[in-house]
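Report on the following structure.
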């Protein structure tokens, strides 16, 4: 299906990235000379998404100013400077700007490298896979061996039909790779102002409407200052480019 809108979750505090984030919001921390959020914006443009919403909280004016100079799409700001609403609450606050159709959600502090030579990018593949009749949420997933910076055991296991269940120590774990297509009906009945998207993941899984799409390429998460160099080295190695 065609996905017209997207949200980038960029309101986090970035405490593990200190001291860099004492003066800079984490989405503007650079990896290989590019702010983290720029990787997500470029991925959305590749997928043909032209309407984007970005939520802001910590050092919001710096991020808003940077976004105002980015000319690749129509970007609206969802202001959470008064109160952080967590991932789920932040999306609900932005729903009037996102509309009633399924939309993409990206994390501002993770990114991925498309597989060289691939004819189709990952977000376009997700849109092609999304079935609004059977899916409430479709997550992009990565194997542990195609990720840099991830320290956990894994998040989910994927069935033969693509359905996801929480990883509980058995099966082949996959990582939630920071990209989602979701149908806004998943928020029906939630009255809390602040809540995590994990609540929606679990609700969809219990209804059999949480699915995954295995990404192609390499996924990177940058959680600490030391991880910047690791991500840059992994990027150079994967793309066959000279190290930064």
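Details
- Choice from 126, 213, 17 with maximal GNM fluctuation in the chain (Cα, 10 Å cutoff): 17
- Largest GNM mean-square fluctuation among 227, 82, 205, using the chain with Cα springs under 10 Å: 82.
- In terms of other Cβ atoms within 10 Å, 172, 145 run from fewest to most in the order 145, 172.
- Between 121, 131, 188, the Gaussian network model of the chain with springs among Cα atoms under 10 angstrom shows the greatest mean-square fluctuation at 188.
- For the chain, calculated [θ]222 nm from helices alone, where every DSSP H run of n ≥ 4 adds -39500 (n - 2.57): -8000 deg cm²/dmol
- Where labels lie 7 Å past Cα in the beta-carbon direction, separation of residue 151 and residue 124 in nm: 3.7
- Potential lengthening between residue 237 and residue 45 on full extension [0.36 nm per residue; Cα-Cα distance subtracted]: 66.6 nm
- Gained length - residue 224 relative to residue 188, 0.36 nm times residue gap less alpha-carbon distance: 9.4 nm
- Between residue 4 and residue 79, the distance separating the two model label sites (each 7 Å from Cα on the Cα→Cβ line) works out to 2.7 nm.
- Nitroxide proxy distance, nm - points 7 Å out along Cα→Cβ at residue 144 and residue 71: 4.6
- Calculated FRET efficiency for the pair residue 101/residue 206, C-beta based, R₀ 25 Å, to 0.05: 0.55
- Whole-angstrom gap from the range 38-83 to the range 91-159, using each part's C-alpha centre: 18
Read-outs throughout are calculated quantities, based only on the coordinates presented, and are distinct from any laboratory measurement. Note that the coordinates shown come from a computational prediction; the quantities given were computed from them, not determined experimentally. Quick reminder, even Gly has a Cβ in these numbers, built from the backbone with ideal geometry, and neighbours come from all protein chains shown.
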